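Taking it in order: structure first as structure tokens, then the write-up.
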Amino acid sequence: MFKNLTVYRIGSEWGTTAAEIETELEKSRFAPCGASQEKSVGWLEPRGVDHGPLVEVVDGQILLKLMVEQKMVPGSVVKRRCDEIAAQIEKQTGRKPGKKQIKELKEQALHELLPMAFTKQSVTRVWIAPKERLLVLDTGSQARAEEVVTLLVQAMPGFAVSLIQTEMSPQVAMAHWLGTGEAPYAFTIDRECELKSTDEMKSVVRYARHPLDTDEVRQHIVSGKVPTKVAMTWRDRVSFMLTESLQIRKLAFLDVVFEGTSAAAAKQDKAESFDADAAIATGELIELIPELLDALGGELEPGSMPKEAPVVPAARPSAVQDTPAPAESVDAPPWA
């Protein structure tokens, strides 16, 4: 149900019912792009049932779904059509169109091409946890997250959110975990990460399917490279990639989460399956998110400065040299 998470804290003053949210979102129910419409944004039924409710409540958790549909017209095609129109004008008038007219011609070319364009659709799932005051968006794109937040703020009076920040930044915390080889309580460090240098070369080292508790990794940390992504697992139940901006990506629920549900799931209809998936996903994440925030020192109070991590001990001498290098991928050998 969820793959990538961007998490916000909802202001304490907001409070409304699912019915009230439904009324507001109904004003912006999704409709496909018209013939000359470049983009359409609106709310869809979370269950995927046509003309169903736009708000679903499962175990007290509010679930929404936003659809964005956009006509895909390549810039090269628009330019070619614009050049054709400009050439016709020059032939008829004997002069080339100026910059201002060219801009207008590009808009004209785009509108001519829109009715013939293919459409691309993308869905963003939205989860509101009223008791915990959390807004969780299923996206790894900050631009898309901001678009969804703007629409929610416009739709619901008094709705205000802020991105969660922690006492210790994810980047500092990840450097400490990798440098000391000590994962925070309830978490393990997996076999994937990305490290970047902070100098002008911006060199990158990526590890995939490779142990991270090595002197080689520690040497990169000591020499100044900082983690931007680290793969982790929470309580052997949920794996994910933590990023420097506190996003959770590549979210995966492990088999233990679904133990005892397989046989029942086979007998469920679509509606029951939605309820089960939503209950499992939100039930796990409602526990994971607070423990992840605790691992990062807790939430940062407004106006406070993040704490620094303890100094990483120096690595034992190794063959790794801290020289700028292009991005590289490091995989374990097939016999490892």
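Specify the residue that is surrounded by the fewest Cβ atoms within 10 Å (Cβ to Cβ); the eligible residues are those in the range 142-169 that are of a type in the set (Gly, Ala, Ser) and over 18 Å from Met1 (Cβ atoms). Ranking the candidates gives Ala143 first.
Of all residues in the range 180-190, exactly one satisfies the criterion of being out of contact with any strand residue (DSSP E or B) (no Cβ under 6 Å at 6 or more places or on another chain), open to solvent by 60 Å² or more (accessible area, probe 1.4 Å) and free of Cβ contacts under 8 Å to residues at least 60 places away in the same chain, namely Glu182. Taking the range 173-260 as the region of interest, the strands (runs of 3 or more DSSP E) fully inside it that hold 1 or more residues being over 20 Å from Val7 (Cα atoms) are 187-196, 204-208, 226-234.
Return yes when Arg95 is of a type outside the set (Gly, Ala, Ser), modelled with pLDDT of 85 or more, open to solvent by 70 Å² or more (accessible area, probe 1.4 Å) and more than 30 Å from Ile286 (Cα to Cα) and no when it is not. So Arg95 fits the description; yes. Of everything in the range 75-92 that is hydrophobic (A, V, I, L, M, F, W, C) and in contact with a helix residue (DSSP H, G or I) (Cβ under 7 Å, 6 or more places away or on another chain), the residue that is nearest to Glu38 (Cα to Cα) is Val78. Scanning the range 34-91 for residues that are touching a residue at least 60 places away in the same chain (Cβ under 8 Å), open to solvent by 40 Å² or more (accessible area, probe 1.4 Å) and under 25 Å from Pro115 (Cα atoms) turns up Ala35, Ser36, Gln37, Glu38, Val41.
Here is a list: Trp177, Trp127. Which entry is aromatic (Phe, Trp, Tyr), under 18 Å from the mean Cα position of the chain (by Cα) and crowded, with 18+ Cβ neighbours inside 10 Å? None of the others qualify; the one that does is Trp127.
Screening Arg9 on (1) open to solvent by 40 Å² or more (accessible area, probe 1.4 Å); (2) at pLDDT 90 or above; (3) more than 23 Å from Ser141 (Cα to Cα) shows it passes everything except condition (3).
Among the residues making up the range 213-236, those that are open to solvent by 20 Å² or more (accessible area, probe 1.4 Å) and at pLDDT 95 or above are Lys229, Arg235, Asp236.
The values are calculated or read from the model by the stated rules, or taken from the named source; none is laboratory data. Not measured: the values here are computed from a predicted model. Quick reminder, even Gly has a Cβ in these numbers, built from the backbone with ideal geometry, and neighbours come from all protein chains shown. Quick note on the areas: whole protein, heavy atoms, side chains included, nothing else; ligands and nucleic acids left out. Shrake-Rupley method; radii C 1.70, N 1.55, O 1.52, S 1.80 Å.
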